[in-house]
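Input: a single structure, listed below in structure tokens.
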Amino acid sequence: MANKDIVDTLNDLVETCKDAEYGFTACAKHVESPELRNLFTQRAADSQRAANELQTYVVQYGGEPDKGGSATGALHRGWVAVRSTLVGYSDHAMLEECERGEDHTLAHYRKALKNEALPEELRAMIERQCLSVQRDHDQVKELRDRTPA
């Protein structure tokens, strides 16, 4: 796999992690539950750490790391704001949006892992991060299922 392809794959995940960070931060501002606020703040920090780790590898492979999220992520955050204006900022609604965001994140990680030409060191790191995102997704889904609409 050429370094450019590796850098592109990594930068796609950087953008995805930055989208997750921004999304969790936005949702943390709108939940009533202090526990959810703390959870979302922690998830934002986890996403930031994942992006930082990926950015380190982008540089190692000779690329310029992306610094922000994607246009799609910005649109999703805008949708959260519009939806919340229409139906209110309920904890359940914020959990739904976080779960939707985690679905998006998982799809990007799974796409990256389908690339069989990834060096083993990168594959191991991406698999580790993907497992963490899956655990986070499952926790958010469980909380959403238990939280009244």
For the chain: lysine pairs under 28 Å (alpha-carbon distance), excluding those fewer than 8 apart on one chain: 15
Once a ≥ b ≥ c are taken as the square roots of the eigenvalues of the Cα gyration tensor of region 2-71, is the result rounded (a/c under 1.5), prolate (a/b larger than b/c) or oblate (a/b not larger than b/c)? prolate
Here the chain gives, from Cα atoms, an Rg and Dmax in Å of 15.7, 49
Low-density loop cleavage sites - trypsin sites (Lys or Arg not before Pro) in region 114-149, where at most 10 other Cβ are within 10 Å (DSSP): K114
Proximal charge balance of K67 [Cβ under 13 Å; K/R count +1, D/E count -1]: -4
On Cα atoms only, tilt of 3-28 relative to the major axis of the chain in degrees: 10
Contact order normalised by residue count of region 3-146, Cα under 8 Å, 6+ apart, percent: 30
Exposed loop GluC sites (Glu not before Pro) only (DSSP loop, at most 14 other Cβ atoms within 10 Å): please give the longest stretch of the chain free of them, not including the sites. 33-115
Helix 34-60 axis, angle to the chain major axis (alpha carbon atoms, nearest 10°): 10
Quick one: helix 71-87 against the long Cα principal axis of the chain, what's the angle to the nearest 10°, folded into 0 to 90? 10
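Bear in mind that the values in this text are calculations on the coordinates, not laboratory data. Just so it is clear, the model here is predicted, and its values are computed rather than measured. Cβ sites come from the backbone with ideal geometry, for glycine too, and all protein chains shown count toward neighbours.
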